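K.L.:
Have a look at this one before I ask anything.
The values are calculated or read from the model by the stated rules, or taken from the named source; none is laboratory data. These figures come from a predicted structure and were not determined experimentally. Every residue, glycine as well, gets a Cβ built from its backbone with ideal geometry; the counts of neighbours run over all protein chains shown. Each accessible area value is taken on the protein alone, full model and side chains, heavy atoms only, with ligands, DNA and RNA left out. Shrake-Rupley method; radii C 1.70, N 1.55, O 1.52, S 1.80 Å.
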Amino acid sequence: MINILKQIVIDAGEIVKEGYNSKKDIHHKGIVDLVTNYDIKCEEFIISSLKNKFIDYELIGEESFNSNFDFTKAKAIYIDPIDGTTNFIHGIPHFAISIGVWENNNPIMAVVYNPILNEMFWAIAGGGAYCNNKKLRVSEQINLQQSLIGTGFPYAKVNRGIEYKWVIASITNLLPNIRDIRRLGSASLDLCYLAEGKTDAFYEIDLKPWDIAGGILILLEAGGKVTNLSNKKFNFNDKVIVASNSKIHIELLSFLDEV
Ligand code: IPD
Ligand code: CA
Ligand code: CA
C-alpha cells in the first residue's frame, strides 16, 4: 500500500512541478489564503487515484472538502495537494504533497513529498520513518535555550482575533528562551524536518487535519512527541498542536498559554 501512495504523490508531483514553472490562476479563499488551479488539479488527480485502491476510506481533500469534520469515521485519508501554497506561488521551493491514512483516530501510513527537492518522507505505523531511503530520528537536544523551533501563522491573523493574540504571546514568551524560530510555510514539512532532527520542536494554532495528518505519523515514528497544550495526546479537534523531539516537550509547553 505504501508503494501505491508513493507512486501517486510522485505522479501528482509532476502536476505541481509543471505549475511551479508556469503562470498560475490564483484565487482568494480568504484575504490572504490563496488557491491555484494546480492545487485543484493535483487534488483531483490524487482523489481519483486513491478512489479505486482505498475503497473503504473516506477521502478528505482540502480543496474539495465542504462539510464538517466527522472524526468518528473509522477509516479516513487526509490529502493536502499543496501544503505551502504561498511558497508555491512566490517561487519558494518549500511545499509538499501530503497524504495521511488514519484508522480509528490513529495514523497508520503517511507520505509527504517535496517534488522540487525530490524528498519523499514516509512512514508506516510501527515501521519507522524515512526520507527517501534514510531512516529518520529526532534530535537529541535537551536544552530549550539551544533549540530551533518551527511554527506557523494562521490565515485568521488578519482578523486580529484570539489566534493572532495567542501567536504574538507565544513568540513573546518563547523567543528569548530558545535559539530561534523558523516560519518555513509548510506544516507537513515542519513536522518532517522535526522528525529529521533539523529542528527540535514545532507548534501551531488552527491547523487543519490535512496539514498534519501525514507529518504526525512521520514524527512519531522518528521518536517524536505530539500533544495538545495540556500534554494530552493530540487529536484533530485540538486548537493547538505541540510537537517535539520529546526531550524539550514539557519545558516548551510551559511557555505556551492556553488559548
Ligand atoms: C498552510 C501551511 C502553513 C501554515 C498554514 C497552512 P496551505 O497550508 O501549512 O505552513 O502555517 O496555517 O494553512 O494553505 O499552504 O495548504
Ligand atoms: Ca496545508
Ligand atoms: Ca494546501
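K.L.:
To the nearest 20 debye, what charge dipole does the stretch 144-253 have about its Cα centre, counting +1 at the Cβ of each Lys and Arg and -1 at the Cβ of each Asp and Glu?
P.N.:
I would put it at about 220 debye.
K.L.:
Okay, next question. For K233, list the lysines whose Cα falls under 28 Å from its own Cα; do not include residues on the same chain fewer than 8 positions away.
P.N.:
K6, K73, K75, K134, K135, K157, K165, K198, K208, K225, K247
K.L.:
Okay, next question. Express the accessible area of the chain per residue in Å², computed with a 1.4 Å probe while the remaining protein chains stay in the model.
P.N.:
44
K.L.:
Could I ask something else about it? Which of these, I241, I99, I26, has the largest mean-square fluctuation under a Gaussian network model of the chain (Cα springs below 10 Å)?
P.N.:
Among I241, I99, I26, the largest mean-square fluctuation in the Gaussian network model of the chain belongs to I26.
K.L.:
Considering the dipole of the chain built from charges on the beta carbon (Lys and Arg +1, Asp and Glu -1) around the Cα centre, which of V101, S186, A169 is farthest to its positive end?
P.N.:
A169
K.L.:
Accessible area of the stretch 128-259 with a 1.4 Å probe: how many percent of it is carbon plus sulfur?
P.N.:
50
K.L.:
What relative contact order, as a whole-number percentage, does the chain give when Cα pairs under 8 Å and 6 or more residues apart are counted?
P.N.:
Rounded, it is 18 percent for the chain.
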